[in-house]
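**Student:** Below is a structure I'd like to ask you about.
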Amino acid sequence: MPILEFESRGGLSLMERFRTARDMITSSQSREMLRHLFVWLRFSQTRQLSWQRRHNTKPRELADEIQILSEVVAKYWKSSQSASDRDILRMMLSTIPRGGGDGQRIRDEILVIMRKFEIKKRKGTWMEEWHQKLHNNCTPDDIYICEAYIKFLQSNGDLKAFYSHLSKFGLDKQRLQTFERPILQDPIFFPSIKNGLINELSNYLQILKSVHAGADLEHSHDLCRGFLPGNLNALVEAVKVERTHPSPAYQETFTSFFNSVAARRLLWESILHEQHVPKVRDLLYLDIALQDQSRMMVEGVLSTSSSVDEDLDSSLLSLTSELVEILRDWSSLLQTVGINMEEWKSKSHRHALLAAAYLDRLERMLSQLADRCHRLFQPIAEQLGGSIRRRNPDKTPETWNIAMFTEGVVRGGVGFAVSLIHQKAVQAFRRSGVLPSWQVISPGSRRARGVVMIADVKDVQFKSFDCPTVLLSSRVSGEEEIPEGVVAVITQDSPDVLSHIAVRARNTHVMFASCFDLASFHQFLDFDGKDVVCQVLEQRVSIEMAEGAMDDMVDSHTSHGSSRRMEEEEEERSTPPSKFVYLESEILEEGKKVAGGKTMNLLNVRRRLPDWIKTPKSALIPFGVFQYVLQHQDNRDSQRKYAEIVKQLGVLDAEDIPSKLQDIKNIILDLKVPDEVRADIARSLQDGVFRQVVVDEQESLDCIKRVWSSVWNERAFLSCKKAGISNERIRMAVLLQQIVEAEYAFVVHTVNPLNLDPSEIYIEIAKGHGEAIVGNFPGRSLSVVCRRGSHEVLRIESMPSKSVMLRARGLVFRSDSDAEDLHDFAGAGLFDSVPLVDYEREIIGYRKDPIIQTTSELDKLVMNICKLAEEVEGAMGGKPQDIEGCWSGGSPYVVQSRPQVKRIRSLHDLMLPRSRSGFERERGFECEECGYV
């Protein structure tokens, strides 16, 4: 690789490094090449690689080479069609000085200044040593040296002022002395020429910046001012004023940050429309400078908040958009409550939950930023940095810098400054008791014993533990499956209480809790490999060393599955379907079971609901159609490969299973749909039910095959395996529904799943389409517990922290398998539902959402949802229901309803008072231990 060859040379210069980088990017713009170049240039920018070694460079030649490279990067940024590649190119540009300008003047003007003030070129003086460096090896360091010398003169010769300024940019006396042209002496103060020298050096500083300053705000704006629209110039000027005269007021600091972001948004339009590459380069440098200013503004928020006592172009703008929404929501909340912690304590619990939601969302955004950066660059930094270090005569980069490469990149952005605010606010709220330190999502049997293992659930979900295990997991997305043998999961993440893993934990009596106190969580990490007892104490979990043999622990290791088998006879399963598509009116007339409970429940409940509750129009591709397509003569080869891989799954090691599951899904996605099936599906899509929906036949078939293939999702495979269900035997129908364009979506459990209290209804609400709730999109929904009958809001469990709301239209192809109907098996959520048109994602701001900001609006919506839930439950024979629905145009819709999975080990454990007029008995709950109904 040219990078390694270059860094192994005995003599080199910054100019030659930039020339090599230019040659490399010109030869290839592959993403891998761009990532390597960024890492290399970042090591160079942070002085981890020598800027010159036994080599002199004329400033003019260096300036020309820098200009060529920066314009080449800008050219490829402009021509790239990949947002991710553009992001890397933009980051690369931030490591490169601007170049151009008049490099020769760097040499000439320092001599003019020395002659003008009769500063002799005497060897061994500071000014002469600096002059020699400028003459032979001028670098970006000279900007900071010049600034430091000006501050030295302004302070009447205070050396502390000189070295203090240098230290801000990673320079010190030792660094000056190790230059190829070393600066060994301290600067000299000239009282008689102080003011004149300051003026001349200030002008000279601009010459240095014209060559070596890439993202200097003042200089970048001066270069772009002539071709920017007036409103953008005005915004940049406002940002510059705030930069030099920062406001001490909290709200004004937020305003300054928003001005900076608004300027970048307008600037983005100019960059996209500009075709002249040098102007594109200058606009990108201005954007980088404004981003740096945004970071400083956020740091300003941190300093003014002490009274609290506490893909990228497009993906970068998306990140900024979310950050703006979070900070605006936060600013609005502070206007309501104030920034004094005592004021928070006197406010309602609702405000504390809002604060928790905003902080949760902020932490998630920052984690995503850091994770993405780590995935992109850290492996390359370790590989490339280590290789350079082994060949480099200077033995650089240093090992600590290689290990901390990604952290250094993140620290230079807005995200790190925001993370400081986040940490400070969280600490203050936790200390004051405004926010809880724990959330117990599933108490399990309230006591669990096992050996501690530190691992994210996703990384071990295919494993099976022989010994009862307590997992300490930093990250939990909500989609994971709890591994066999795990008796407790403690995480510092905050998954939704209705996420897949949360439902699984409750159904299998696995303890599952979130610990928001990072100090406590980090203490738990010391238990790694040790035998511990976890115990739920009110709303927290204690973890202590266990005593006695593991066998002494009763009921700490609950089996997660049983040898459950599908109930249908093989003969019925192998019978070809009578029809390939059923319209609504035909499904209930069919003599045999053609769909799962999702379809049948919806059709049955529709006939019994009052007119004010609506249901979406639908059609059905029944059981057996997938098997018919797979076994068709056109797919003989695919069927053979399918059977071979399915057979292999029983003997594969855990780490090999995910790739084989993907192979099976790919086979299904590539199946040829026979003409007779195509024709029936096309006719149904043209039926009056969907006449108003524009449907592409091939896209519809692709969606259907994606639903079929979801039988082999990782979480579906793992859940079915633990339950003793063969995925191969699962029959999958596809329910076609017209999407309701919803203002709010909701999921209702008519018995509170958190405590199994039948007098409580549990509701989760999200803006937009319901996939944001059931699809494990990051963040929590608005969670409310209500009293049955009176519909009174008893408590709000959580305020929303979802990042996006989903807009949807057209059709959705919903999975409806027979596995979802098995007794005591929560099959819902294992399989995919696929929209014909992908969801549109819109970043949410909650400060203007009426149900978040106004109690009466929330109460009104909740009352209607409770009434709907009771109607549906009554229509389903009084059995507890898990209902998905939405609110659109002033009307509630039921999208689906199914029996609520319940596993009550003992009603005595629930500690429900008997004063409820035997309500438990009326509701028909059966105790698995004593048979009490």
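The values are calculated or read from the model by the stated rules, or taken from the named source; none is laboratory data. These figures come from a predicted structure and were not determined experimentally. Here Cβ is always computed from backbone atoms with ideal geometry, including for glycine, and neighbour counts include all displayed protein chains. Just the protein is used for accessible areas: all its heavy atoms, side chains included, with ligands, DNA and RNA removed. Shrake-Rupley method; radii C 1.70, N 1.55, O 1.52, S 1.80 Å.
**Student:** Give the aspartates and glutamates whose C-alpha is closer than 14 Å to that of residue 194, dropping any in the same chain fewer than 8 places away, or say none.
**Tutor:** 118, 158
**Student:** For the stretch 88-95, take each phi angle, set θ = phi - 60°, evaluate the Karplus expression 6.51 cos²θ - 1.76 cosθ + 1.60, and give the result in whole Hz per residue in order, putting x for glycine and proline.
**Tutor:** 5, 5, 5, 5, 4, 4, 5, 9
**Student:** Also, I was wondering about something else. How large is ³J(HN,Hα) for each residue in the stretch 501-508, as worked out from phi by the Karplus curve 6.51 cos²θ - 1.76 cosθ + 1.60 (θ = phi - 60°), to whole Hz, x for Gly and Pro?
**Tutor:** Karplus-based 3J(HN,Hα) across the stretch 501-508 equals 5, 5, 4, 4, 4, 5, 6, 10 Hz.
**Student:** Under a point-charge model restricted to the Cβ atoms of Lys and Arg (+1) and Asp and Glu (-1), what is the dipole moment magnitude of the stretch 1-99 relative to its Cα centre, in debye to the nearest 20? List each step's numbers first, then the result.
**Tutor:** Details: 17 positive and 11 negative charges, 50 e Å.
The dipole magnitude comes to about 240 debye.
**Student:** Among the lysines, which have Cα under 16 Å from the Cα of residue 75 when same-chain residues fewer than 8 positions away are ignored?
**Tutor:** 279
**Student:** So, in nm, how far is label residue 68 from label residue 645 when the simple model puts each one 7 Å beyond its Cα toward the Cβ?
**Tutor:** Those two pseudo-labels are separated by 5.0 nm.
**Student:** Continuing with this model, one more query. Can you send over the carbon and sulfur percentage of the accessible area for the stretch 438-545, probe radius 1.4 Å, protein chains only? Each step should come with its number before you reach the end.
**Tutor:** Numbers: 1810 of 3900 Å².
C and S atoms contribute 46 percent here.
**Student:** Taking the radius of gyration and the Kirkwood hydrodynamic radius from Cα positions alone, what is the Rg/Rh ratio for the chain, to two decimal places?
**Tutor:** My calculation puts Rg/Rh at 1.03.
**Student:** Please give the length that would be gained between residue 525 and residue 726 if that part of the chain were fully extended, namely 0.36 nm times their separation in residues minus their C-alpha to C-alpha distance (nm, one decimal).
**Tutor:** Extra length available between residue 525 and residue 726 comes to 68.7 nm.
**Student:** How big is the gap, in Å, between the Cα center of the stretch 580-606 and the Cα center of the stretch 828-903?
**Tutor:** Cα centres, the stretch 580-606 to the stretch 828-903: 22 Å.
**Student:** Something else about it: Anything over 28 Å Cα to Cα? Flag those among 458/614; 58/120; 458/848, in the order listed.
**Tutor:** In this structure, 458/614; 458/848 lie more than 28 Å apart at Cα.
**Student:** If you don't mind, another one. Would you mind checking 593/721; 593/705; 463/593; 592/867; 133/240 for any pair whose Cα atoms are more than 27 angstrom apart?
**Tutor:** On the way: 593/721 24 Å; 593/705 21 Å; 463/593 36 Å; 592/867 33 Å; 133/240 32 Å.
Going by Cα-Cα distance, 463/593; 592/867; 133/240 fall outside the 27 Å limit.
**Student:** Now, a different point. Calculate one ³J(HN,Hα) per residue across the stretch 700-714 by plugging θ = phi - 60° into the Karplus curve 6.51 cos²θ - 1.76 cosθ + 1.60, and present them in order as whole Hz with x for glycine and proline.
**Tutor:** 5, 4, 4, 5, 4, 5, 5, 5, 4, 5, 5, 4, 9, 4, 4
**Student:** Say a paramagnetic label sat at a point 7 Å from the Cα of residue 699, along Cα to Cβ; which residues of the stretch 726-770 have their backbone N under 18 Å from it?
**Tutor:** Zone members listed by number: 736-741.
**Student:** Sort 404-412, 82-90 for me by packing, meaning the mean count of neighbouring Cβ atoms within 10 Å per residue, highest on top.
**Tutor:** 82-90, 404-412
**Student:** Towards the positive end of the charge dipole of the chain, with charges on Cβ (+1 Lys, Arg; -1 Asp, Glu), say which of 156, 96, 232 has the farthest Cα.
**Tutor:** So the residue furthest toward the plus end is 156.
**Student:** Size of the dipole of the chain about the Cα centre, Lys and Arg at +1 and Asp and Glu at -1 on the beta carbon, nothing else charged, in debye to 20?
**Tutor:** Once rounded to the nearest 20, the dipole reads 2660 debye.
**Student:** Can you compute the FRET efficiency between residue 466 and residue 437 using 1/(1 + (r/R0)^6), with r the Cβ-Cβ distance and R0 = 30 Å? Round to the nearest 0.05.
**Tutor:** Values: r = 33 Å, r/R0 = 1.10.
Efficiency, rounded to the nearest 0.05: 0.35.
**Student:** Going by amide H atoms built from the backbone, whose H comes under 5 Å of the H on residue 895, apart from near neighbours?
**Tutor:** 884, 885, 886
**Student:** For the stretch 575-734, just the Cα atoms, rotate onto the principal axes and tell me the three extents in Å, largest first.
**Tutor:** Reported extents, whole Å, longest axis first: 54, 35, 29.
**Student:** Under a 5 Å amide H to amide H cut-off, with H placed in plane at 1.01 Å, what residues pair with residue 833 once short-range neighbours are removed?
**Tutor:** The list, which skips near neighbours in sequence, is 815.
**Student:** Can you grab the distance from the C-alpha centre of the stretch 629-676 to the C-alpha centre of the stretch 53-68, Å, no decimals?
**Tutor:** Here the answer is 60 Å between Cα centres.
**Student:** Say each of residue 184 and residue 404 gets a label point 7 Å from the Cα, pointing the same way as Cα to Cβ; how far apart are those two points in nm?
**Tutor:** Label-label distance for residue 184 and residue 404, simple model: 3.2 nm.
**Student:** Say each of residue 203 and residue 273 gets a label point 7 Å from the Cα, pointing the same way as Cα to Cβ; how far apart are those two points in nm?
**Tutor:** Computed distance between label sites residue 203 and residue 273 equals 3.8 nm.
**Student:** What is the extension gain from residue 231 to residue 158, computed as 0.36 nm multiplied by their sequence separation minus the C-alpha to C-alpha distance, in nm to one decimal?
**Tutor:** Full-extension gain reported as 22.0 nm.
**Student:** Show which aspartates and glutamates lie in cross-link reach of residue 579 when reach means a straight Cα distance below 15 angstrom and same-chain residues fewer than eight apart are skipped.
**Tutor:** 589, 590, 675, 676, 680
**Student:** At R0 = 60 Å, how high is the FRET efficiency between residue 111 and residue 375 if r is their beta carbon distance? Nearest 0.05 is fine.
**Tutor:** 0.75
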